[in-house]
Amino acid sequence: MGIFSFTKDPFNSILKKYFTFQNETVSLEPMAELLQSFRKTDFEAVVDFLKQHPQITTNFSYYIHRIFEGKPFNLSLTEADILSENAFFPELKKRFIDSILPAVENENTVWYIVDNVTVTPLSDLKYFRNVRPQLLDEFFSLLKIDDFIRKPGVKRDILLSMNILAWRVIGNAMDAEVMRMVPEYRNLDNPFIALQDELDMLNEEFRKDEKLELHSKDERYKQLKIYLQQCQDFVNKAFKNSRIYGISGKINQSLLKIRQQLTRMQDILALMVFDTPYDDVKNSRQLVFNILKYKSHKNNLGEFANESTRLLSHLITNHTAETGSHYITTGTRGYIKMFWKASGGGVIVGALCVLKMLYSYYPGSEFLHAVMYSFNYAMGFIMIYLMQYTLATKQPAMTAATMAKVLSEGQNTRKNYEEFALVVSKMFRSQFIAFIGNVIFAFPVALAIIYGLDVLLNQNLAIDKSATLLKDLDPFESKAIFHACIAGFYLFLSGIIAGNVGNNSVFYQIPLRIAKNPMINLLIGEKYAKALSRFYSRNWAGIMSNLWFGVFLGVTGPVGKFLGLDLDIRHITFAAGNFALGLYGMDFSVTAKVFWICLVTVFLIGFFNFIISFGLSMALALRSRRIDFSELMNIFREIYRFFMKNPLRFFVPIRSRLDSKVRETIDKTVSKK
């Protein structure tokens with residue numbers, strides 16, 4: 001029977017089968033079978049059986065010592081559940097392959113034994129954690145492994161593990177790009193080198209006396225703890241400085257690896273401390289638990305992706321939070337200003353609707369149409385951005401990050417939720433008036449342009465497309481709602497792009513490079529080089545975000561046709577313009593039913609644009625700031641209570657006693673670089 005064969009035999013039958021005599025085997029089959037059977041019974045029964053059968057216990061103990069004798073376990077401490085690559089995708093690929101086809105390990109290591117005995121390490125770990133510590137201590141004592149942590153060979157492996165981790169930590173921490181993240185440490189004694197020096201002295205003492213032990217009041221132990229904490233402070237400072245200097249994926253992975261290695265060293269150091277006789281069995285048990293824990297998490301893709309992307313998502317949402325604070329109006333003047341800015345956006349979109357319709361008449365491949373539509377959208381969105389107008393649906397991806405940041409700044413008490421509900425009301429009414437501004441102007445502008453073309457060319461250019469345009473605004477005849485959700489997802493992606501470009505701009509110091517570039521200074525002069533640098537710093541992230549948003553919208557329809565799928569996008573402002581074109585093409589001869597269905601659908605499209613974009617952005621922002629999703633029910637409850645008491649505040653700018661407090665809180669979310 002192989003190691004991984006499942007057994008239905010009870011533990012006592014397996015113990016009698018293998019250990020009624022002194023078994024000289026080094027096969028892992030008995031251990032694997034026992035581990036499976038232990039999980040099916042109460043561990044107290046196992047301990048009682050061993051007490052009642054001393055000969056079997058002695059033989060079982062002999063077997064345990066025999067299979068572990070001379071096998072190092074340092075790999076289990078230095079490799080398992082620690083990043084092995086300095087980049088996200090190579091690490092993801094490695095873990096994915098290892099989770100499907102585990103690597104073949106050296107058979108003369110504890111790593112190999114654990115890998116081949118604990119087929120389901122998470123379940124094994126959960127089982128043993130639920131066992132009372134006293135029972136486990138008694139089990140260790142019966143098998144005479146309660147003090148193995150004191151053995152010179154075990155101590156040697158523990159110290160070797162500490163040294164391996166320290167060498168790796170120093171190598172990563174001394175990387176020039178990592179050091180750039182913490183300029184505060186340039187003129188200070190490096191804690192990593194001090195940590196290595198302290199470990200070297202401890203190793204030297206152990207070579208002289210293998211009975212060497214540490215206790216909690218030992219100066220060597222205290223010094224090691226101080227250096228480890230200083231190294232952790234180094235990493236924390238580097239992560240904190242990422243708001244100022246930006247961060248790359250490689251540095252993010254390097255810092256995560258350093259943090260993991262330092263945490264592992266702290267775990268190992270705790271195993272070397274003996275204050276009481278009970279610490280023998282306690283530390284021995286903890287070592288076993290640690291090895292199982294590390295093994296059970298070593299190929300966990302979800303945990304890896306979650307930890308690796310959290311900081312980058314924080315930086316992305318930090319950029320959009322700063323932009324988003326400008327989209328939340330707090331007074332009547334800001335409310336009216338938002339309307340006029342949205343109106344400007346509506347005027348441009350009205351023209352874009354007509355242009356897109358004209359492009360659709362041009363004979364050519366779907367690829368050509370994708371290029372033309374993308375250019376049309378991107379050109380218009382960039383114009384809206386640079387002219388400081390507003391496209392309503394661009395707001396949610398920005399404001400969601402702001403609100404998550406506002407929430408995380410507080411103590412998340414009932415009062416904090418009330419203030420947050422007021423922020424939501426201000427965001428909602430800002431979004432509402434932006435919708436109104438976009439729609440009110442997109443409709444008549446599109447209508448005026450198509451009428452002007454009709455007068456100029458003596459031809460109704462919308463007549464051939466009118467039926468399709470109106471059908472696309474009927475949720476019963478088309479997938480208008482689904483297509484609105486696609487557009488909402490693209491709005492979310494464009495927010496991520498803006499944040500990522502903003503982070504890269506800071507990390508690679510692009511504005512400073514432009515200002516200091518000798519060739520640029522030679523061609524246009526120092527004054528204009530600085531002006532170009534400021535323009536890039538203020539606008540490049542927004543330009544790229546709008547460019548890609550336009551490309552996403554432009555290619556979806558043609559790609560859908562190419563693939564034979566009903567894919568397209570619906571955006572509230574474009575829907576309003578298309579509604580105008582459809583009515584004009586029909587010479588306004590539509591039934592009341594068609595008219596009202598299309599009109600209601602325009603706002604339904606806006607709702608789904610908003611809810612998808614805002615929901616995804618909010619989820620990313622909450623995750624990036626480690627805000628517990630269990631708090632959401634309290635948040636929603638407070639928002640609902642606030643809406644029922646003050647419904648008009650969600651649509652018009654009514655003053656509140658909390659206005660100044662909320663404005664101050666929002667202002668604090670903008671980081672100063």
Among (1) more than 18 Å from Ile82 (Cα to Cα); (2) of a type outside the set (Ser, Thr, Tyr); (3) in contact with a Phe, Trp or Tyr (Cβ under 7 Å, 6 or more places away or on another chain), the one test that Met272 misses: (3)
Among (1) crowded, with 18+ Cβ neighbours inside 10 Å; (2) more than 27 Å from Asn130 (Cα to Cα) - the single one Gln36 does not satisfy: (2)
Residue satisfying condition, being assigned to a loop (DSSP other than H, G, I, E, B) and crowded, with 19+ Cβ neighbours inside 10 Å, within set Asp124, Asp146, Asp115: Asp146
Test: residue in region 190-199 that is closer than 22 Å to Asp233 by Cβ and open to solvent by 40 Å² or more (accessible area, probe 1.4 Å): yes
Test: residue in region 496-510 that is at pLDDT 90 or above, of a type in the set (A, V, I, L, M) and within 30 Å of Tyr245 (Cβ to Cβ): yes
Members of region 551-606 that are surrounded by fewer than 15 Cβ atoms within 10 Å (Cβ to Cβ), in a helix (DSSP H, G or I) and among the small types (Gly, Ala, Ser): Ala592
Residues (open to solvent by 50 Å² or more (accessible area, probe 1.4 Å) and either of a type in the set (D, E, K, R) or modelled with pLDDT under 75 (or both)) located in region 72-87: Glu79, Glu85, Asn86
Whichever residue in region 633-673 is more than 15 Å from Phe420 (Cβ to Cβ) and buried (at least 16 other Cβ atoms within 10 Å of the Cβ) and, among such residues, is modelled with the highest pLDDT: Pro653
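Could you pull out the residue among Ile486, Ile497, Ile520 that is of a type in the set (Val, Ile, Thr) and farther than 30 Å from Ile569 by Cβ?
Details: Ile486 fails: farther than 30 Å from Ile569 by Cβ; Ile497 fails: farther than 30 Å from Ile569 by Cβ.
Testing whether each residue is of a type in the set (Val, Ile, Thr) and farther than 30 Å from Ile569 by Cβ leaves just Ile520.
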Some residue of region 47-69 being open to solvent by 40 Å² or more (accessible area, probe 1.4 Å), among the small types (Gly, Ala, Ser) and out of contact with any Phe, Trp or Tyr (no Cβ under 6 Å at 6 or more places or on another chain): no
Matching residues in region 175-196 - criterion: being over 17 Å from Tyr221 (Cα atoms), part of a helix (DSSP H, G or I) and not charged (D, E, K, R): Ala176, Val178, Met179, Pro183, Tyr185
Residue in region 471-484 that is within 20 Å of Val347 (Cα to Cα) and surrounded by 23 or more Cβ atoms within 10 Å (Cβ to Cβ) present: no
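Could you grab me the full set of residues in region 11-28 that are polar (S, T, N, Q) and farther than 15 Å from Phe68 by Cβ?
Here is the first cut: in region 11-28, the residues polar (S, T, N, Q) are 12-13, 20, 22-23, 25, 27.
Selection gives Asn12, Ser13, Thr20, Gln22.
Within region 215-229, how many residues turn out to be among the hydrophobic types (A, V, I, L, M, F, W, C) and open to solvent by 10 Å² or more (accessible area, probe 1.4 Å)?
Filtering region 215-229 down to residues among the hydrophobic types (A, V, I, L, M, F, W, C) leaves 224, 226, 228.
From the residues that got through so far, the ones that are open to solvent by 10 Å² or more (accessible area, probe 1.4 Å) too are 226.
Number satisfying all stated conditions: 1.
What residue, of Leu461, Leu457, Leu447, is hydrophobic (A, V, I, L, M, F, W, C), crowded, with 16+ Cβ neighbours inside 10 Å and over 46 Å from the mean Cα position of the chain (by Cα)?
Residue meeting the stated conditions: Leu461.
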Phe21 open to solvent by 40 Å² or more (accessible area, probe 1.4 Å) and among the aromatic types (Phe, Trp, Tyr): yes
Enumeration of residues in region 128-143 that are under 27 Å from Lys211 (Cα atoms) and part of a loop (DSSP other than H, G, I, E, B): Leu143
Qualifying positions in region 230-280 - within 25 Å of Ser216 (Cβ to Cβ), in contact (Cβ under 8 Å) with a residue 60 or more places away in the chain, of a type in the set (S, T, N, Q) and open to solvent by 10 Å² or more (accessible area, probe 1.4 Å): Gln260
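Within region 434-470, work out how many residues are over 18 Å from Gly350 (Cβ atoms) and of a type in the set (A, V, I, L, M). Working first, answer last.
In the first step, residues of region 434-470 are kept if they are over 18 Å from Gly350 (Cβ atoms); the result is 457-459, 463-464, 467-468.
Narrowing the set further to residues that are of a type in the set (A, V, I, L, M) leaves 457, 463, 467.
So the answer is 3.
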Flag if Glu91 is open to solvent by less than 50 Å² (accessible area, probe 1.4 Å) and free of Cβ contacts under 8 Å to residues at least 60 places away in the same chain: no
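The values are calculated or read from the model by the stated rules, or taken from the named source; none is laboratory data. Only a predicted model underlies this, so the values are computations on that prediction, with no experimental measurement involved. Positions of Cβ are generated from backbone atoms using ideal geometry, with glycine treated the same way; all protein chains shown enter the neighbour counts. We work out accessible area using only protein heavy atoms, side chains counted, and drop any ligands, DNA or RNA first. Shrake-Rupley method; radii C 1.70, N 1.55, O 1.52, S 1.80 Å.
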